1. Run the Debye formula on the Cα coordinates of region B:1-69, all scatterers equal and no solvent, and tell me log10 I(q)/I(0) at q = 0.22, 0.24 1/Å.
2. Between B:ASN151 and A:ASP37, with labels modelled 7 Å along Cα→Cβ, what's the label distance in nm to one decimal, could you check?
3. By counting other Cβ atoms within 10 Å of each Cβ, how are A:PHE213, A:PHE199 ranked from fewest to most?
4. Please work out the Cα convex hull volume for region A:119-175 and give it in Å³ per residue.
5. Between B:ILE3 and B:LEU319, what's the calculated FRET efficiency when r is the beta-carbon distance and R0 is 41 Å? Round to 0.05.
6. Let me spell out the model: positive unit charges on the Cβ of Lys and Arg, negative unit charges on the Cβ of Asp and Glu, origin at the Cα centre of chain B. What dipole size does that give, in debye rounded to 20?
7. Determine, at each q value in 0.08 (inverse angstroms), the log₁₀ of I(q)/I(0) that the Debye formula gives when each Cα of the protein assembly as shown is one equal point scatterer.
8. With a sphere of radius 11 Å drawn around the Cβ of B:ASP318, what net charge do the other residues whose Cβ falls strictly inside it have (Lys, Arg +1; Asp, Glu -1)?
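Each reported figure results from applying straightforward, stated rules to the coordinates on display, with no laboratory input. In this text, all values refer to a predicted model and were calculated from it rather than measured experimentally. Glycine gets a Cβ as well: all are built from the backbone with ideal geometry, and neighbour counts include every protein chain shown.
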Protein chains: 2
Amino acid sequence: MKIKANNPELKSWLDVDKQSDFPIQNIPFGVFITKDDIITIGTRIGEYAIDLGAFHQLGYFDDVPLTDDMFMQDSLNDFIADGRKTWRLVRNKISEVFEINNSKLKDNAKHKEVIIFDVNEVEMLLPIDIGDFTDFISSKNHAQNVAKMFNLKNGTLESNWHHMPLGFNERASSVVVSGTPIKRPYGQILPENATTPVFGASEKLDMEVETAFITTAANHFGEPIPVNEAEEYIFGLVLLNDWSSRDVQRWESKPLGPFSSKSFASTVSPWIVTLDALEPFRCESPKQETLLPYLQQENTKNTFNITLNTYLETENGDLNLISASNFKNIYWSMSQQLAHQTINGCNVRAGDLFGSGTISGANIESSGSLLELSWNGENPITLNDKTQRTFLNDGDNVILRGFCENEKVRIGFGKCTGKIKPAIDLK
Amino acid sequence: MKIKANNPELKSWLDVDKQSDFPIQNIPFGVFITKDDIITIGTRIGEYAIDLGAFHQLGYFDDVPLTDDMFMQDSLNDFIADGRKTWRLVRNKISEVFEINNSKLKDNAKHKEVIIFDVNEVEMLLPIDIGDFTDFISSKNHAQNVAKMFNLKNGTLESNWHHMPLGFNERASSVVVSGTPIKRPYGQILPENATTPVFGASEKLDMEVETAFITTAANHFGEPIPVNEAEEYIFGLVLLNDWSSRDVQRWESKPLGPFSSKSFASTVSPWIVTLDALEPFRCESPKQETLLPYLQQENTKNTFNITLNTYLETENGDLNLISASNFKNIYWSMSQQLAHQTINGCNVRAGDLFGSGTISGANIESSGSLLELSWNGENPITLNDKTQRTFLNDGDNVILRGFCENEKVRIGFGKCTGKIKPAIDLK
């Protein structure tokens, strides 16, 4: 697969820092609102947000077949629904116009004024209207840590774990964009050694470091997607912080799984990085045990080398790297997740969101949750300012970062942040 | 609360059979497509489907403040989002125009021709664009049956059951309208005494007899809905058949709950019966154990007396009543469900769907699933034609009916049907 826009030799006439997540090879998609209150679909190069509504209106997509209002929308759903061919044509055209030797827009000051904005002057919105939100639990290290911690099945994985990408449905309404403050949620909690629950604000508020992929309209009701075709339907990825209240989760989860402990909020990064842009970072997926045929993949390179660094920024601005993980740690591939989601005929739509589950590395220090990092509060972690954390304090800002890097290019996701606000006063 | 349209003395100039679910006191809302391919929001009186788009365009909502295109839409979401005041004004106005002594529309043959259709000549569509779909497990009889059947916790309920309405997220994309055929789904199944799963079409395909309520935009992200205000945000109810493959469910459900075993399809009845229309059938809710304050209700009449009859129609047309249950059996009220859903700040939108969970009566014969009726296949039920069922056969048509009745009026939901088709040939 050759994708023109991925050419590592390309440079843009827009300034891009070497450490930027958004070189001209990235061309992610998001939705933002300008200081003039215009909502539009856009892309980003370096520190510039590019209004694709205006770009289209001014004719820069000339020979790309697109509806007139494709980008003047408050979500990417219609663009995503248009399919992979359109995504590629659009990324290639943007790449072409912003390439250093192309003077068409570069030399048109008037057009630049309405197309190009300082990224700090626009407000990023949730990029998709999410139809359904599935969360998988596809990191083996994470699943094993949890089993050990709570001594489930004598500390071993459930016997179904190696046979399918286990998943569950999550709440779509409360998925928010990076930067949205997260109020500490209330819920029922069973105190140690008690038999009756108490009501209160969660005291074990946690993050979950995940990625999530977003699909186009993939199949009809009743028709499975074959695993070896599944990637065709994946538009791109975002970072996902699936906030969880562990005390509420522990009490509510039997027998139906987590509910209130997760439905209060999940945060996604604002720029969707396309699967095409990640292509150069494709790598060998973990060895798997014998699988049922519907999960068997022809290729062995089914994952991507994406560094995932998580920072806890304290109220006084002290920044701590608390987890360094990698997407390639995931046991089940996105294609397997999508094949499993649809094997029963479940239909998948444009704008559906599929979380990886907490991504933990082989060492506890590379775990994607405080539950694991502090071993359910038994081993507090110490921050630079000598304060300790078992779970999140009010005022803590959790910052997820994700990027791929080789000698020539770096493709990143930017930040996925959420700051914890105190629980509200209840009426 | 006095609702003009509920007056049991009202009669319509449209013919309504005494046994109809849709007298002039009902005035439910749905979406249909006419034989001229026009999609519109409508209501129903007797065997007549009423095009509310045309009704509005021709001025019959004269003094009701409504946007011009309120009813010329393919979902009820915007109308529902307009709130309770609008719902009441609209129901009252429809009631007034179709009341036997009102000749305005009755004597206008031209208008009648574009407003009133034979209900068999229109095709009902899914009435809402579902944002999120929660399913609760709020029938105590059902929960107890399952615990006994699988000898969970020595046949007793989980200790959290009496403290909160347990629920889980379900898939919204695969909710379909009554009449949509249901293909037997594939999945992973662990054979008896095996340790490795096999792949195949479900052999334990089941129904679940439920109701579901639909909300308006109820709260902002981060703000709970108080239990005693919750009913204000409930628009109405539908019948819900939450199809389940029990063999798949058994193997996949630990530790995250049901996923593939339910996400292949859920069927809803096409007409949303408003909470207002059900008001005359409000009744005393079951006694509850001591509750945390956020679930304590001021009133004791928090449920509704809705008869739920389920029929299995065999391929040769033989109709069998297989379950006779009642909505009032539900332990947790809709208000408690909504208060619990939002206590953590989870936001609820117009068009969200909330299932009751399988509604089982005190006797096994009144259970809302074949799992219970056949005691997981141990005690097959015998049909009129002497064939037996443990779970559903290909060709079986499951028909849910729900209605309320007193000496003066009957308010019903019509039918919620789904016929089982054989599993498809996989590529």
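1. Relative scattering, expressed as log10 I(q)/I(0), comes to -1.10, -1.19.
2. Each label point is offset 7 Å from its Cα along the Cβ direction, giving 6.8 nm.
3. Ranking A:PHE213, A:PHE199 by Cβ neighbours within 10 Å, fewest first, gives A:PHE199, A:PHE213.
4. Dividing the Cα hull volume of region A:119-175 by its residues yields 144 Å³.
5. Working from the Cβ atoms, E equals 0.70.
6. Details: 40 positive and 57 negative charges, 152 e Å.
Computed charge dipole of chain B: roughly 720 debye.
7. -0.73
8. Details: positive: B:LYS386; negative: B:GLU313, B:GLU315, B:ASP385, B:ASP396.
Residues close to B:ASP318 contribute a combined charge of -3.
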